[in-house]
Amino acid sequence: MTSRDKSDFNTKELEEAIRKMHSEVCDQCGKCTSACPVTKEIEGFNPRQLVTKVALGQIDELLAEEAIWTCTTCLKCRERCPEEISPYDIILVLRNLAYRRGLNYPVGYDDFIKGINERGYISSPQQMRTRDGERVSRVNLGLPEPQVPMRMNAFKGNLEELLKAGND
Amino acid sequence: MKYALYLGCTVQSEQFGFEASVREIMPKLGVELVDMNNTSCCGFPALSSVSKTAWLYLTARNLAVAEEMGMPVLPLCNGCHLSFIEAKHYLAEDSDLKAKVDNRLAKENLSYSGDVEIVHLLEVLHDKIGLKKIHESVTKPLEGIKIAAHPGCHAIRPSDLQYVDDSENPVKLDDLIRATGAETFDYPEKIDCCGSQLAVTSGRSTLKIAGEKLQKVVSYGFDGLTTTCPFCFKMYDGRQRAIMGTMKDRTLNIPVFYYTQLLGLALESDPDKLGLMLNQSPVDALVERIMEK
């Protein structure tokens with residue numbers, strides 16, 4: 001896990017977004033948790049309990065936990081909730097909030113952001129290995145060169161400013 | 001039928017077998033694919049996890065490019081498809097957010113109206129080309145082969161924003177498997193997650209989630225598994241050996257194909273043009289069986 005050095009961003013909009021998700025109407029039926037592929041694998045990840053903590057305003061506690069970063073985004077919780085609460089969407093807002101407050105987040109995200117900023121994509125075309133161990137490229141397969149943002153400077157500027165400003 | 005082809009990070013940087021097989025079979029079925037210029041990552045879930053606005057900007061700029069081309073956009077990845085669908089929804093319902101994104105797009109001489117049609121590969125194959133046309137085009141039916149369908153989460157959920165297929169009982173990939181002449185049947189874990197998005201935080205849990213599903217697929221007697229999602233394919237095909245190790249189960253060696261590779265075999269495309277040499281799972285015996293028929 002890593003963290004950003006800034007923690008002074010405006011977080012009001014995100015806190016408001018969480019309030020709009022109406023976690024207080026949760027029936028505690030547990031359909032989200034019974035559908036969740038992560039609950040059975042990772043101790044401490046439980047969408048039903050997460051919704052309760054949000055309803056009780058225990059946001060700081062949730063933000064400090066690694067659990068919010070373990071959701072696979074399978075969306076079964078959102079699909080099956082009889083009260084139309086979406087633990088998936090709550091988790092994404094919590095992640096945004098953790099990032100903005102300068103709290104811990106998985107190291108991999110820095111690589112994702114760096115890649116997008118450098119070349120428009122998380123990763124650049126690789127040499128892939130065939131079953132026989134041979135290396136092949138896009139060119140070997142007759143695939144066209146990938147396209148990148150045309151106005152790279154404007155693209156980078158947009159991305160950097162949006163990440164710095166968060167959602168405001 | 002003409003579509004703007006959006007590849008996304010995973011397909012264009014490593015999942016060449018998917019791209020090659022899509023490019024090989026679509027013209028045979030009367031579909032023209034037009035490459036996009038000026039595209040970028042869709043932002044899901046790398047940027048949607050850290051900044052919703054930055055993510056929406058990234059997705060909107062790809063949609064803006066498609067709008068400029070004046071044709072529906074076909075993202076090859078389930079994750080990119082969901083990202084496009086969600087972004088279109090958020091930008092339509094929140095004018096403040098759209099104004100922020102528009103302001104950024106203007107700096108790149110792009111504009112997004114929200115009129116763009118977003119299509120999924122399963123929709124193009126099943127609904128636009130149609131089962132009848134696919135069935136009629138097949139010259140080498142994949143008879144006697146049982147293939148498990150894995151549509152992938154982001155193709156079928158959430159049903160309030162998209163309807164590629166039924167969220168609890170998807171059948172389009174099953175129909176498409178049958179259109180090649182192969183067999184398939186429903187199984188309880190069909191709509192379960194591959195676990196790939198957990199890789200960034202827990203490598204072992206990712207492999208266990210994928211492994212538990214693969215064990216079921218093998219136990220039901222399928223000869224292979226097919227999907228149209230590059231993330232799911234990476235798990236079941238590329239990481240199959242690692243799954244075998246984590247599950248301590250040597251029986252977990254099952255051929256995995258992109259659907260477009262299977263269909264390509266049924267259309268008698270050259271296996272090399274379908275990128276089949278790049279599949280890491282043991283596909284050789286099954287491919288030989290198909291080719292010898």
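FYI, it's all coordinate maths here, none of it is from the lab. If you're wondering where the values come from, they're calculated on a predicted model, not measured in any experiment. Heads up, the Cβs are rebuilt from the backbone with ideal geometry, glycines too, and the neighbour counts pull from every protein chain shown.
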What's log10 of I(q)/I(0) for the stretch A:108-165 at q = 0.26 Å⁻¹, Debye sum over Cα points only, no solvent?
-1.04
Residues with amide H under 5 Å of residue B:34's amide H, sequence separation 5 or more or different chain, H placed in the peptide plane at 1.01 Å from N; which?
B:3, B:4, B:5
How large is the direction-averaged shadow of the alpha-carbon convex hull of the stretch B:11-60, in nm²?
4.4 nm²
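Past 32 Å, Cα to Cα, is the threshold; run A:40/B:132; B:100/B:208; B:107/B:234; B:234/B:293 against it and keep the listed order.
Details: A:40/B:132 42 Å; B:100/B:208 41 Å; B:107/B:234 36 Å; B:234/B:293 29 Å.
Beyond 32 Å: A:40/B:132; B:100/B:208; B:107/B:234.
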Can you pull the Kirkwood radius for the stretch B:139-292, inverse mean 1/r over Cα pairs, to one decimal in Å?
15.7 Å
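Which GluC sites (Glu not before Pro) from the stretch B:163-251 combine a DSSP loop assignment with at most 15 other Cβ atoms within 10 Å? Intermediate values should be presented prior to the final figure.
On the way: sites: B:168, B:183, B:189, B:212; in loops: B:168, B:189.
For GluC sites (Glu not before Pro) across the stretch B:163-251 that sit outside H, G, I, E and B with at most 15 neighbouring Cβ atoms in 10 Å, the list reads B:168, B:189.
When the Cα atoms of the stretch B:2-106 are enclosed in a convex hull and the volume is divided per residue, what value in Å³ results? All intermediate terms of the calculation are to be shown ahead of the outcome.
On the way: hull volume 10.1 nm³, N = 105.
It comes to 96 Å³ per residue, whole-number rounded.
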Enter the Cα centre distance for the pair the stretch B:56-71 and the stretch B:99-116, rounded to the nearest angstrom.
8 Å
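How large is the Kirkwood hydrodynamic radius of chain A, in angstrom, based on all distinct alpha carbon pairs? Mind dumping the intermediate values first?
On the way: mean 1/r = 0.0541 Å⁻¹.
Kirkwood radius, chain A: 18.5 Å.
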Which aspartates and glutamates does residue B:248 reach when only Cα atoms under 16 Å apart count, and residues fewer than 8 places away in its own chain are ignored?
B:212
Please report the base-10 log of the normalised intensity I(q)/I(0) for the stretch B:116-165, using a Debye sum with one equal scatterer per alpha carbon and no solvent, at each q in 0.21, 0.27, 0.31 (1/Å).
-0.91, -1.11, -1.19
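In whole angstrom, how long is each semi-axis of the equivalent ellipsoid of the stretch B:29-84, when you take the square root of 5 times every eigenvalue of its Cα gyration tensor and sort them from largest down? Kindly include the intermediate steps, with their values, before the conclusion.
Numbers: eigenvalues 101, 31, 11 Å².
Computed over the stretch B:29-84, the values are 22, 13, 8 Å.
Can you work out D for the protein assembly as shown in µm² s⁻¹ from Stokes-Einstein, where Rh is the Kirkwood radius over C-alpha pairs, the temperature is 37 °C and the viscosity is 0.692 mPa s? Display every interim value, and only then the final one.
Details: Rh = 22.6 Å.
Roughly 145 µm²/s, to the nearest whole number.
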Towards the positive end of the charge dipole of the stretch B:139-292, with charges on Cβ (+1 Lys, Arg; -1 Asp, Glu), say which of B:275, B:264, B:254 has the farthest Cα.
B:254
Neighbour-count ranking [beta-carbon atoms within 10 angstrom, fewest first] of A:89, B:186
B:186, A:89
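Report the local net charge at residue B:209: Lys and Arg +1, Asp and Glu -1, summed over other residues whose C-beta lies under 14 Å from its C-beta. If you can, show how the numbers build up before the last one.
Working: positive: A:40, A:76, B:204, B:208, B:213, B:216, B:234, B:239; negative: A:41, B:189, B:192, B:212.
Neighbour charge sum, excluding residue B:209 itself: +4.
Report, as a whole number in µm² per second, the diffusion coefficient that Stokes-Einstein gives for the stretch A:12-100 at 20 °C and 1.002 mPa s using the Kirkwood radius over alpha carbon pairs.
Details: Rh = 12.8 Å.
Once the numbers are plugged in, D ends up at 168 µm²/s.
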Relative to the Cα centre, what is the charge dipole magnitude of the stretch B:149-293, using +1 at the beta carbon of each Lys and Arg, -1 at the beta carbon of each Asp and Glu, and rounding to the nearest 20 debye?
660 debye
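Given C-alpha coordinates of chain B, what is the ratio Rg to Rh with the Kirkwood estimate of Rh? Kindly include the intermediate steps, with their values, before the conclusion.
Values: Rg = 19.0 Å, Rh = 19.5 Å.
Ratio of gyration radius to Kirkwood radius: 0.97.
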About the Cα centre of chain B, how large is the charge dipole given +1 on each Lys and Arg Cβ and -1 on each Asp and Glu Cβ? Please answer in debye to the nearest 20.
740 debye
Cα long-axis angle, helix B:52-69 against chain B (0 to 90 degrees, to the nearest 10)
80 degrees
All-pairs alpha carbon distance profile, the stretch B:43-186, 5 Å steps from 0, percent
2, 9, 17, 18, 17, 12, 9, 7, 5, 3, 1, 0
